[in-house]
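Report on the following structure.
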Amino acid sequence: MADTATPNVIRRADYAPPAFLIDTVALEFDLIPERTVVRNTMRVRRNPDASHAANFELMGEQLEFVGATIDGAPFAHAHAHEHGLTLDNVPDNFELTLTSICNPAENTTLSGLYVSGGNFFTQCEAEGFRRITYFLDRPDVMATFTVTLRASKADYPVLLSNGNLLEEGDLPDGRHFARWEDPFRKPSYLFALVAGKLVALEERVKSGSGKEKLLQVWVEPHDLDKTRHAMDSLINSIRWDESRFGLELDLDRFMIVAVSDFNMGAMENKGLNIFNTKYVLANPETATDTDFANIEAVVGHEYFHNWTGNRVTCRDWFQLSLKEGLTVFRDQEFSADMAGGATDEAARATKRIEDVRVLRQMQFAEDAGPMAHPVRPESYVEINNFYTMTVYEKGSEVVRMYQTLFGRDGFRKGMDLYFKRHDGQAVTCDDFRHALADANGRDLAQFERWYSQAGTPRVSVRTKYDAAQQRYSVTLTQGYGDAAPAARETQKGPLLIPFAIGLIGKDGHDLPLQLEGEARVSDSTTRVLEFTQTEQTFTFVNVAQEPLPSLLRNFSAPVIVEYDYSADQLAFLLAHDSDPFNRWEAGQRLATRELLTLAGRATTGVPLQLDDSVVAAFARVLTDETLSPSFRELALMLPSEAYLAEQMAESNPAAVHAARQFVRKRLANALRKDWLAVYKKHRTPGAYEATPEASGHRALKNLALSYLAELDDPAEAVRLASAQYDAANNMTDRSAALSALLNASAANGGSVEAQQALDDFYRRFEKEPLVIDKWFALQATQRGSAQRPVIEIVRRLMAHPAFNLKNPNRARSLIFSFCAANPAQFHAEDGSGYAFWAEQVIALDAINPQVAARLARSLELWRRFTPTLRDGMRAALEKVTSQVKSRDVREIVEKALA
Ligand code: B3K
Ligand code: ZN
């Protein structure tokens, strides 16, 4: 890895340790929006483990170089250039002071130091620190930081940075200062500062060893009433990491700061997490149950990074999943434990189902397209493009498989050894795997392939029952089908797949399990088979009746399972499987199969029909009051249009939409009474509670409302939705009612009730940007009709005074919602969606390349669509390619067209 110049393609194989190391950094900031002066004093020495270099190359971007001194004396041989600064012939060990100037006010990229709402914020991961000062901006250079901030006291009364506050005081001319020290060595990407007019909710807690810790959630003054949930989530995260992993908060103070202009969800800067307001601010009137759950998850995620990411960090960015996959796994387990403890399997399954749904819809799609890459990528052009579903979500599945193989205790032993070996270091995914292997006395060489092979593995299953011998054999075969070329190139051999299985008898109960060669029956009725060969047969003995297999229980590996279940067998599993995940899965398989058949018919114009047995299977779930409401909601929700389109040989969003709408209408009309009964039964009168139970009731009730809105005569649904809208004491119910009103009237080109509710919603929440984001998103994702295409509504909203392309949340709420979450409207045959997409990618490219590159990705699967759509998408991609400048967007569109 070169220290400065940015070649086109960066390769993992080229990693080399840095020629110099930086042990300490003292930063001084004179914060002025248009012209911030940064003085950076570093203790530098040659790296004994690297080859000799005469010159010291530092990275820097968009900086004005002022001057350099070495050991206190001016240094003349410093040359600033486009990518940084070169210092000729430096000594072996020296103190270097660099002074430079940057312009936070004009920084619309939201990377580096920038101004948002009149306050200063930073975002350094992955390579933003070089936009603040010249540095060895790579994660394997770790230093201790002292930071002095100076600014106008009236404009920036609060001055924050990482670690502990050493000193603060007044300066002449109405300015003041604060000095912070972070005692832990860290890479530059974890640096942060915040300055401005903010207030904090504070809480003092004692950590496991009895030390007092100060916790703060900093927000703009008018948002202080929306911080309680984030604080509670932080306290729960601290407790959970102590009890589940024995990991304690290491600083005296831990701060969360909310900012409304932010490229992603949040950032784990040491002791000073900076968050998108979306993942901090919540009260019942403004935030939905989903928002509450997301805040808990993201607060947990960033907090857990304090150990998995910060105390032990990545050697280079190819190892990103070392911290992200592991930390996503930890936040998923945290949320599951918060919902269901260690033992309530049904409550835990709700979380598991939601996570798997995201994985399958988004990561599987990524893995089948031009951006397919292994969990540990081999190369990149722009690292910010590799904060992907694969690195995060598939990375989490890879970590989960260790736990599935070794159990919770074995996994914990591995984590303990990992910290014992690597605390304070910058390491690799291999180091993590070795710790897990050594702690459990296992050879995990084959498991390495999960890190180096792209593509979604397919496991096909054949079964055979021998009644005379009472033997049941399960033959598993693994491969990749016709994965994307990038995926094929990386394939080296079979994976170690933990394949969890159960066998179900005719009465619906699990059968006892005993594998051939084993002396006795297993304690559990679920077995994790270690599937390591291309084809492998597992034989169960003493199987008294022909069983129905329950395959890949709890989704024990990120693979696609192929097995020829009949519709009746799926209905049986949906009714009886003891594994709640697979119960849900059976319903999804049943629905997917039916929907794909119907989508195929829709393309040929054959009239659609739905089998009564499918309606009956749904009716059973709907009316089964022994199932938890949240499970029923998940089971009754049809697979998304995006997921279904992805399953077709040629994606046809219009056909998928027609099929899915047909089924929704059919289920609505056939089960009308049941939907109504469920709607009434699961209301949650009284004060709002954010508990999993209450939110389960709301989810099921609002799903029922959305089905009722599909009725041929939606008058009753409109009445219910209007009444719910008016009476709602929480955002979950209010936004669900608004959505039902919009969709109930879509076919007729809109209704008075829907328009009134929309106008009311806007007036009511005009001062709440996060709620106005919902207002934009609801309109962008609504159903359209021939007389009223959604693109027209979206274009009109682009001109709304509240729209602002520079604010990523707002851009996402309107543009991304339409381009990525309204497939039937976005993929209009006339290409109007693609033309809009191209305009917006080009406009965003000039403002914020990271956000533009995300939007650019919504066309990457273009080759899989029907010919007309394919041509339209190619033209739009070509147009964008010819006009954009950023490396971020270029990488995406060039890979898409390659
Ligand atoms: N580590 C950050 C993501 C940074 C993204 C940079 N483009 C948030 C997280 O995963 O916790
Ligand atoms: Zn993370």
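The values are calculated or read from the model by the stated rules, or taken from the named source; none is laboratory data. No experiment lies behind these values; they were computed from the predicted model shown. Note: ideal-geometry Cβ built from the backbone for every residue, glycine included; neighbour counts use all protein chains shown. What goes into the accessible areas is simple: the full protein's heavy atoms, side chains included, and nothing from ligands, DNA or RNA. Shrake-Rupley method; radii C 1.70, N 1.55, O 1.52, S 1.80 Å.
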request  = Enter the Cα centre distance for the pair segment 727-781 and segment 390-405, rounded to the nearest angstrom.
outcome  = 38
query = Once you put a point 7 Å from the Cα of residue 106 and another 7 Å from the Cα of residue 409, both along the Cβ direction, what distance in nm separates them?
reply = 6.3
key: Computed magnitude of the charge dipole of segment 1-196 (debye, nearest 20; Cβ of K, R +1, Cβ of D, E -1)   = 240
key: residue 462/residue 674 FRET efficiency (R0 30 Å; Cβ-Cβ; nearest 0.05)   = 0.20
key: For segment 804-869 and segment 224-288, distance of Cα centres in Å   = 30
key: Karplus-derived HN-Hα couplings along segment 626-633 (A = 6.51, B = -1.76, C = 1.60, θ = phi - 60°), whole Hz, x at Gly and Pro   = 7, 8, 5, x, 5, 5, 5, 4
key: segment 312-562: radius of gyration over Cα atoms, expressed as a fraction of 2.2 N^0.38 Å   = 1.05
note = accessible surface per residue for the chain, probe 1.4 Å, DNA/RNA/ligands not counted, whole Å² -> 37
inquiry  = Can you give me the % of accessible surface on the chain that is carbon or sulfur? Probe 1.4 Å, all protein chains present, nothing else counted.
reply    = 50
inquiry  = Suppose each label sits 7 Å from its Cα in the direction of the beta carbon; what would the residue 469-residue 795 distance come out to in nanometres?
reply    = 6.9
request  = Mind checking the full-extension length gain between residue 719 and residue 153? Use 0.36 nm per residue of separation minus the Cα-Cα distance, one decimal, nm.
outcome  = 198.3 nm
Using distinct alpha-carbon pairs, which all enter the 1/r mean, Kirkwood radius of segment 595-695 in Å = 15.3
task = Choose one of 491, 432, 508: the residue whose Cα lies farthest towards the positive end of the charge dipole of the chain (beta-carbon charges +1 Lys, Arg; -1 Asp, Glu; about the Cα centre).
result = 508
key: Dipole magnitude of the chain about its Cα centre (Cβ charges: Lys, Arg +1; Asp, Glu -1), debye to nearest 20   = 1160
ask   = Does segment 1-196 classify as rounded, prolate or oblate by the C-alpha gyration tensor (a ≥ b ≥ c root eigenvalues; a/c under 1.5 gives rounded; else a/b over b/c gives prolate, otherwise oblate)?
value = prolate
Residue list for segment 126-156, given a label point 7 angstrom along the Cα-to-Cβ vector of residue 175 and an amide N cut-off under 12 Å = 149-153
note = Magnitude of the Cβ-charge dipole (Lys and Arg +1, Asp and Glu -1) of segment 783-898 about the Cα centre, nearest 20 debye, reported as 280
task = Divide by every residue of the chain the summed helix terms, -39500 (n - 2.57) for each DSSP H run of at least 4, and state the resulting mean residue ellipticity at 222 nm, rounded to the nearest 500 deg cm²/dmol.
result = -12500 deg cm²/dmol
task = Any of 211/774; 197/806; 197/774; 226/665; 153/226; 186/767 with alpha carbons more than 31 Å apart? Name them for me.
result = 211/774; 226/665; 186/767
task = Run the numbers on the chain and let me know its relative contact order in percent, using alpha-carbon pairs under 8 Å that are six or more apart.
result = 8
message = Return the Rg/Rh ratio of segment 285-402 with Cα-based radii and a Kirkwood Rh.
response = 0.99
key: Volume per residue of the C-alpha convex hull in the chain, rounded to whole Å³   = 164
Compactness of segment 224-368 as Cα Rg over 2.2 N^0.38 Å, two decimals = 1.05
remark   = FRET efficiency for residue 683 and residue 804 from the Cβ-Cβ distance with R0 = 45 Å, rounded to 0.05, comes out at 0.75
task = Classify segment 393-466 as rounded, prolate or oblate, taking a ≥ b ≥ c as the square roots of the eigenvalues of its Cα gyration tensor: rounded when a/c is under 1.5, otherwise prolate if a/b is larger than b/c and oblate if not.
result = prolate
